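The values are calculated or read from the model by the stated rules, or taken from the named source; none is laboratory data. Because the structure is a prediction, the values reported are computed rather than measured. Here Cβ is always computed from backbone atoms with ideal geometry, including for glycine, and neighbour counts include all displayed protein chains.
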Amino acid sequence: MKAVILSGGQALRLRPLTEDKPKALIEVRGRPISEYQIDWLVREGGVDSVTFACGYKWQKLQEHFGSSYNGTRIEYSPEEAPLGTGGAVKRALTERASDDLFVVANGDIMTDLALGKMVDAHRQAGELTASMLVVPYRSRFGVVKIDTLRMVRGFEEKPAFPDVWINGGVYVLNPRKAMKYLPDKGDIERETFPKLVDRGELLSYPHYGGWWFVDSLKDLKEVEGAMQLER
């Protein structure tokens, strides 16, 4: 199985760490995020080839990984100008034509998702175009609980809302079908997924386990803290 890691953005909220390298090379406890991702894709999904859909300072990725990482083939699909997530996926799939399923992952996601089970669920659902990982929404703020008299009755630190879901940034795609809906330039979230919803071609895969994204220095500290607790 092949995978695409979306890693084209400039990651401005992670400056100064990204002044000289792409987000995919930001280190979490001494290792680049992308190494964790590749290890996870191979271990949980049986992936044997990873393509970085890249842009900003992508040569640094090539210098780090070369053509393989721990036996996994590494390729690059660089963009000269920003294509958006949908355009980047379309370009990567076009360059690597295949009828087999593709896994697409945002380059700032870390998770303990059993990816193989998500792929199996997609296959069992029939000829769907795509499956999307969804995770419970977790507030970035503490919640204040008040009663009908407006008296404060308690606090809850960054609660999760198990019935409210957000896009988890991992997708399983049928490339032959997905190509019809991917834009040449634009985001998969805005250009592709709404069309698939209208056609009943987008399956969700809920995951209640570990899931983190690294979009800021605060996020980086939080994921490092979570990993420390799991050790």
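Anything in the range 190-205 that is within 21 Å of Asp120 (Cα to Cα) and among the β-branched types (Val, Ile, Thr)? List them, or say none. Val197 - this is the single residue of the range 190-205 that is within 21 Å of Asp120 (Cα to Cα) and among the β-branched types (Val, Ile, Thr). Pairing each residue of the range 49-72 that is surrounded by 15 or more Cβ atoms within 10 Å (Cβ to Cβ) and in a helix (DSSP H, G or I) with any residue that is β-branched (Val, Ile, Thr) and modelled with pLDDT of 95 or more, provided the two are 6+ apart or on different chains, yields C-beta distances under 8 Å for Phe65/Ile74. Taken together, Leu6, Leu17 contain a single residue that is part of a loop (DSSP other than H, G, I, E, B) and in contact (Cβ under 8 Å) with a residue 60 or more places away in the chain, which is Leu17.
Give the residue that is surrounded by the fewest Cβ atoms within 10 Å (Cβ to Cβ), with candidates limited to residues of the range 176-231 that are aromatic (Phe, Trp, Tyr) and more than 16 Å from Gly87 (Cβ to Cβ). Steps first, please.
From the range 176-231, those aromatic (Phe, Trp, Tyr) are 181, 193, 205, 208, 211-213; that's our starting set.
With the extra rule that they be more than 16 Å from Gly87 (Cβ to Cβ), the set shrinks to 205, 208, 211-213.
Working: Tyr205: 21, Tyr208: 9, Trp211: 21, Trp212: 20, Phe213: 19.
Ranking the candidates gives Tyr208 first.
Screening the range 98-150 for residues that are polar (S, T, N, Q) and in a strand (DSSP E or B) and picking the one that is surrounded by the most Cβ atoms within 10 Å (Cβ to Cβ) gives Ser131.
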